[in-house]
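Note sheet for the following structure.
The values are calculated or read from the model by the stated rules, or taken from the named source; none is laboratory data. Please read all numbers here as calculations on a predicted model, not as lab measurements. Glycine gets a Cβ as well: all are built from the backbone with ideal geometry, and neighbour counts include every protein chain shown. Please note that ligands, DNA and RNA were not included when accessible areas were found on the heavy atoms of the full protein model with its side chains. Shrake-Rupley method; radii C 1.70, N 1.55, O 1.52, S 1.80 Å.
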Amino acid sequence: MVLRLALLGMGAVGRGIIQAALEKDLGLIITAVADSRSGCIDPNGLNLPELLDRKDKTGMCGDTGISAETIVKTAPYDILVEMTPTDARSGEPATSYIRDALQRGSHVVTSNKGPVALHYHELASLAKKNHLQFRFEATVAGAIPILQTLIHNLGGNEILSLYGVLNGTCNYILTRMAEEGLTYKQALDEARTLGYAEADPTYDVKGIDAAIKLVILANTVWKKNICLDDVDVTGIDLLTEEALRLAEQQDATIRLIGEIIPGDNIYRLCPRIIPKDHPLVVQGSLNAIIVRTDLAGDLLFVGKGAGSRETASAVIGDILSIRDIHAGGN
Amino acid sequence: MQVSMKLELRDSPGQLVAALMPISDMGGNIKTVIHEHEHASGQGDLSVEVVIEIPPELLDGLISRLRERGINVLKLGEERMSYSQSVILIGHLVHTDLGDTIDRIDQTGFAEVTYMSLAMPAINERTSAQFVIKSLTREHMQQALLILRQVARQKEFLLIEPLEF
């Protein structure tokens, strides 16, 4: 069975999917692609090298007359792969695309945190009502398959608490401040130069990105109904290099840690003093998560939290698991 | 605060209860009771060690009440702030009354700031400070951290707490 994908978004993640589809025999064809300004549709599968070439040369993937909305509503596809930029406050236009695809009878995979953080319960029940899958593994911790693991593989467990390093940009900045004695500003500028931080890093360094991931975890793993305002958020932008030195004196360092203790309704993201040999002290832009469960005990996950291929890995994992479910396999 | 007391009482029925009653009546929390039959000081006397948690201002009253009941307080142990945590505060710590910040913890009676290390890079720049806080119990530490969070919010400090896992 060949699965037909419609991709919305041709940024790093979208390109990662297209590259993987070219390199590997995944049994996927891409029948439609939209970027922010254009779109293209071919029911038999788009020519992917031509598509990448066109995007590189013109900055557009197709025809300005074809919008993302047109693709969602009219193109032939089995799975909508929604990878447009996150709008943390409205979740739009991604949420509308997802809703429309589910109403049309298509599965949806997204890497977009906005719709999941804001509308998970609505979208999940719409998918369930229509006997469809709605997957979003890439929204939390990039390549680490944390959501499927917590929701399905640890299904019989009570998950008592979760602690995690969920933002690679912040972890990179804190690693460099600790290791090289850089000031916050120097480390941030370095992260920008290396492409780890956006030109406007507010979303990362103020903790908003990581806090949204806590919202997604709380709502999808524990079926809570919280929003960003329910998370107690402190970023790293006010940290001083002296604070890192003070931590160093006690063989510790400072990391931005997300914390969920569902039994106590604790949802927190803030810099914490943490022993240097603690498993959550990972280097550079890595992510790390520890969960405490009643049956499985403590589990540690470490991996790349961002990047084109890494995030594509999570999206492709979702796509193939939908295929397996519907092929009656495992 | 946490206090250990060695009590001497007559080895007859009801005496131990008579000794423990005033403690709980006054709101003290009895952590442990250790019998010392083998070290009985004389005929029919019994020595008992108790570890209690009690607000410091009530301790003298408790000792008087025990003595009124014929119970001899042989030894009074010092309070034991056995639980220790380190936090870092960043902000204009000195100009927002550092003494008051410390007092807010110290005046609880169950926790105190026992060590402080300050880094002041330049005038008008924010100070970073490490506080070591000691408390009687883990629960008291949680309460002390809650107080510190309120202070931090009020005085616009960044409070960095330890991760306990």
### Summary
When restricted to B:THR114, B:THR96, B:THR101, the only residue in contact with a Phe, Trp or Tyr (Cβ under 9 Å, 6 or more places away or on another chain), open to solvent by 30 Å² or more (accessible area, probe 1.4 Å) and either touching a residue at least 40 places away in the same chain (Cβ under 8 Å) or within 11 Å of chain A (Cβ to nearest Cβ) (or both) is B:THR96
### Query
Regarding B:GLU125, is this residue over 19 Å from A:PRO275 (Cα atoms), without any contact (Cβ under 8 Å) to a residue 60 or more places away in the chain and within 12 Å of chain A (Cβ to nearest Cβ)?
yes
### Summary
Scanning the range A:256-291 for residues that are assigned to a loop (DSSP other than H, G, I, E, B), within 12 Å of chain B (Cβ to nearest Cβ) and crowded, with 18+ Cβ neighbours inside 10 Å gives A:HIS278, A:LEU280, A:VAL281
### Task
Of all residues in the range A:164-203, count the ones that are free of Cβ contacts under 8 Å to residues at least 40 places away in the same chain and closer than 19 Å to A:GLY91 by Cβ.
1
### Message
Cβ contacts < 9 Å: first residue within 18 Å of A:GLU248 (Cβ to Cβ), restricted to the range A:276-289; second residue surrounded by fewer than 19 Cβ atoms within 10 Å (Cβ to Cβ) and acidic (Asp, Glu), any location; separation 6+ or different chain. Result?
### Response
A:LYS276/A:GLU248; A:LYS276/A:ASP251; A:ASP277/A:ASP251; A:GLN283/A:GLU179
### Query
Is it the case that A:ALA306 is more than 14 Å from chain B (Cβ to nearest Cβ) and assigned to a loop (DSSP other than H, G, I, E, B)?
yes
### Filter result for A:ASP229 (over 19 Å from A:LYS113 (Cβ atoms), surrounded by fewer than 24 Cβ atoms within 10 Å (Cβ to Cβ) and charged (D, E, K, R))
no
## Note on the structure
Residues of the range A:292-307 being open to solvent by 40 Å² or more (accessible area, probe 1.4 Å) and touching a helix residue (DSSP H, G or I) at 6+ places or on another chain (Cβ under 7 Å), in sequence order, are A:LYS304, A:ALA306
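Take the residues of the range A:230-255 that are in a loop (DSSP other than H, G, I, E, B), facing chain B (nearest Cβ under 9 Å) and more than 26 Å from A:LEU160 (Cα to Cα): which is modelled with the lowest pLDDT?
Keep residues of the range A:230-255 that are in a loop (DSSP other than H, G, I, E, B), which gives A:231, A:234-240, A:250-251.
Next, only the ones that are facing chain B (nearest Cβ under 9 Å) stay: A:234, A:238-240, A:250.
Okay, now just the ones that are also more than 26 Å from A:LEU160 (Cα to Cα), so A:238-240, A:250.
On the way: A:LEU238: 95, A:LEU239: 96, A:THR240: 96, A:GLN250: 92.
Within the range A:230-255, the match that is modelled with the lowest pLDDT is A:GLN250.
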## Note on the structure
Residue count, the range A:100-118, condition over 18 Å from A:HIS326 (Cβ atoms) and open to solvent by 50 Å² or more (accessible area, probe 1.4 Å), comes to 2
### Message
Anything in the range A:280-309 that is among the polar types (S, T, N, Q) and touching a strand residue (DSSP E or B) at 6+ places or on another chain (Cβ under 8 Å)? List them, or say none.
### Response
A:SER285, A:ASN287, A:THR293
#### Entry: Residues within the range A:158-209 that are open to solvent by 30 Å² or more (accessible area, probe 1.4 Å) and among the polar types (S, T, N, Q), tallied
4
### Message
With the structure loaded, tell me whether B:GLN107 is within 21 Å of the chain's Cα centre (by Cα), farther than 28 Å from B:ILE23 by Cα and loosely packed, with under 15 Cβ neighbours inside 10 Å or whether it fails that test.
### Response
no
### Message
Can you tell me how many residues within the range A:57-106 are part of a loop (DSSP other than H, G, I, E, B) and under 18 Å from the mean Cα position of the chain (by Cα)?
### Response
11
### Message
Looking at (1) open to solvent by 20 Å² or more (accessible area, probe 1.4 Å); (2) under 19 Å from the mean Cα position of the chain (by Cα), which one does A:GLY16 not meet, given that it meets all the others?
### Response
(1)
